[in-house]
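The values are calculated or read from the model by the stated rules, or taken from the named source; none is laboratory data. Only a predicted model underlies this, so the values are computations on that prediction, with no experimental measurement involved. We place every Cβ from the backbone using ideal geometry, glycine too, and count neighbours over all the protein chains shown. For the accessible areas, the whole protein counts, side chains as well, though only heavy atoms, and no ligand, DNA or RNA atoms are used. Shrake-Rupley method; radii C 1.70, N 1.55, O 1.52, S 1.80 Å.
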Amino acid sequence: MFQTLYSYFWWERLWLPANLTWADLEDRDGRVYAKASDLYITLPLAFLFLIVRHLFETYVATPLAGLLNVKEKIRLKATPNAVLEKFYAATSKHPKQADVELLSKRSGCSVRQVERWFRRRRNQDRPSLLKKFREASWRFTFYLIAFIAGMAVIVDKPWFYDLREVWKGYPIQSMLPSQYWYYMIELSFYWSLLFSIASDVKRKDFKEQIIHHVATIILISFSWFANYIRAGTLIMALHDSSDYLLEVRPPQPPQPPPTSPVPPQTHPLRPPQSAKMFNYAGWRNTCNNIFIVFAAVFIITRLVILPFWIMHCTVVYPLDLYPAFFGYYFFNFMMVVLQSLHIFWAYLIIRMAQKFITGKVVEDERSDREETDNSEEEEEAAKNGPLSNGHPVLNNNHRKTD
């Protein structure tokens with residue numbers, strides 16, 4: 001049965017155009033072709049990437065964070081409470097009002113104390129600023145090196161300037177050593193991202209990230225099997241061109257003076273500005289400039305060059321050489337999946353850019369906000385009104401305790 005499934009999986013009509021077989025892609029006369037067995041090395045390389053990442057984050061990113069003055073902020077810890085902890089772990093991290101009242105009776109705490117406990121408990125599970133910085137530093141470093149290496153691999157090739165050259169002589173196209181290593185390193189890195197996604201910083205687009213990693217791994221692997229190497233190197237380099245800029249985000253612009261009688265919050269636990277890398281270090285002007293460049297590069301590469309040049313190349317040009325086959329449809333379907341994710345992320349980027357240009361609060365649309373206890377003081381001020389017996393209400397920002 002296994003042999004039958006194996007034969008069906010590697011049926012030439014699934015992977016290659018008509019009248020071609022795997023025998024046509026056997027090494028001969030000094031010409032080397034891509035083989036499925038080549039990809040076995042990517043799994044041990046992925047684990048090697050995880051080791052290198054750990055060393056990088058420990059001995060490079062952490063000292064760099066210290067130099068850039070990236071500091072951990074103090075978080076109030078939730079007081080130990082077995083009843084609340086059991087509900088938090090087994091039922092929900094965001095209890096409904098009815099649950100809060102029930103937990104208040106069971107735990108012996110007031111409703112306000114239960115709400116505060118859950119806020120602090122959720123904050124304890126949120127990744128630290130240092131963890132975010134280290135993760136962003138690692139990805140920034142890899143993507144930047146990968147982009148430089150990718151450009152070195154393809155910039156001197158004729159298909160970089162003339163996309164019709166991508167399919168010249170396909171699939172009898174010899175593989176170059178530079179293409180081999182570019183593929184192996186890129187695929188290994190995406191495997192490592194998939195392996196570590198459970199422990200990495202989780203954002204609101206967590207599901208989309210998984211889809212992206214899986215689609216990328218399938219697309220890279222399939223393009224290797226079907227000898228779509230020329231198209232594959234172009235696609236990987238195009239993505240790397242903006243991915244390293246993705247690791248920075250715009251900070252919150254200066255806030256206008258408050259118009260309400262409630263004074264501005266100066267609580268020491270107020271969350272820092274939402275961003276990555278330099279933004280974690282508070283380099284406002286640097287982040288502003290990089291965000292503008294990133295937004296422009298992302299939109300041009302992912303919403304213009306990729307669909308109107310690269311996808312046009314993979315959809316239209318092959319049909320001039322051979323009839324469409326399963327591999328042709330499958331490859332372009334995966335390209336559509338990636339393009340759909342690009343449109344989703346472009347929407348988030350445009351939203352951020354709009355807020356950034358208009359001077360509104362800008363934060364990473366994919367990140368969760370850290371909750372503070374300040375909302376309680378604001379609620380009290382709203383209830384009491386701006387004046388009490390003709391005198392303004394004072395807020396001394398005293399920290400509340402359980």
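Going through region 115-130 one residue at a time, which ones are acidic (Asp, Glu) and under 11 Å from HIS94 (Cβ atoms)?
Scanning region 115-130 gives a single hit, GLU115.
Within region 138-194, track down each residue that is farther than 29 Å from VAL52 by Cβ, surrounded by fewer than 20 Cβ atoms within 10 Å (Cβ to Cβ) and among the polar types (S, T, N, Q).
If the condition is that a residue be farther than 29 Å from VAL52 by Cβ, surrounded by fewer than 20 Cβ atoms within 10 Å (Cβ to Cβ) and among the polar types (S, T, N, Q), then SER174 is the only one that fits.
Find the helices (runs of 4 or more DSSP H) located wholly in region 123-206 whose residues include 2 or more that are under 23 Å from PHE47 (Cα atoms) and touching a helix residue (DSSP H, G or I) at 6+ places or on another chain (Cβ under 9 Å), and list them.
By residue number, 129-154, 177-196.
Keeping to region 305-335, report how many residues are in a helix (DSSP H, G or I) and open to solvent by less than 70 Å² (accessible area, probe 1.4 Å).
Total satisfying the criteria: 17.
Please work out which residue is modelled with the lowest pLDDT, limiting yourself to region 66-97 and to residues that are within 18 Å of ARG112 (Cα to Cα) and among the aliphatic types (A, V, I, L, M).
Restricting to residues being within 18 Å of ARG112 (Cα to Cα) and among the aliphatic types (A, V, I, L, M), the top hit is LEU76.
On the given criteria, is ARG134 outside the structural domain of ALA198 (by the TED database) and crowded, with 17+ Cβ neighbours inside 10 Å?
no
Hand me the list of helices (runs of 4 or more DSSP H) wholly inside region 1-96 holding 1 or more residues that are closer than 30 Å to ILE217 by Cβ and open to solvent by 50 Å² or more (accessible area, probe 1.4 Å).
Ranges flagged: 2-9, 12-15, 42-56, 62-67.
Would you call VAL214 open to solvent by 10 Å² or more (accessible area, probe 1.4 Å) and touching a Pro at 6+ places or on another chain (Cβ under 6 Å)?
In short, no.
What pairs come out if I take residues in region 318-342 that are more than 22 Å from GLY169 (Cβ to Cβ) and touching a residue at least 60 places away in the same chain (Cβ under 8 Å) and pair them with residues that are part of a helix (DSSP H, G or I) and open to solvent by 70 Å² or more (accessible area, probe 1.4 Å) whose C-beta lies under 8 Å away, six or more apart or interchain?
So the pair list comes out as VAL337/ILE211; LEU341/ILE211.
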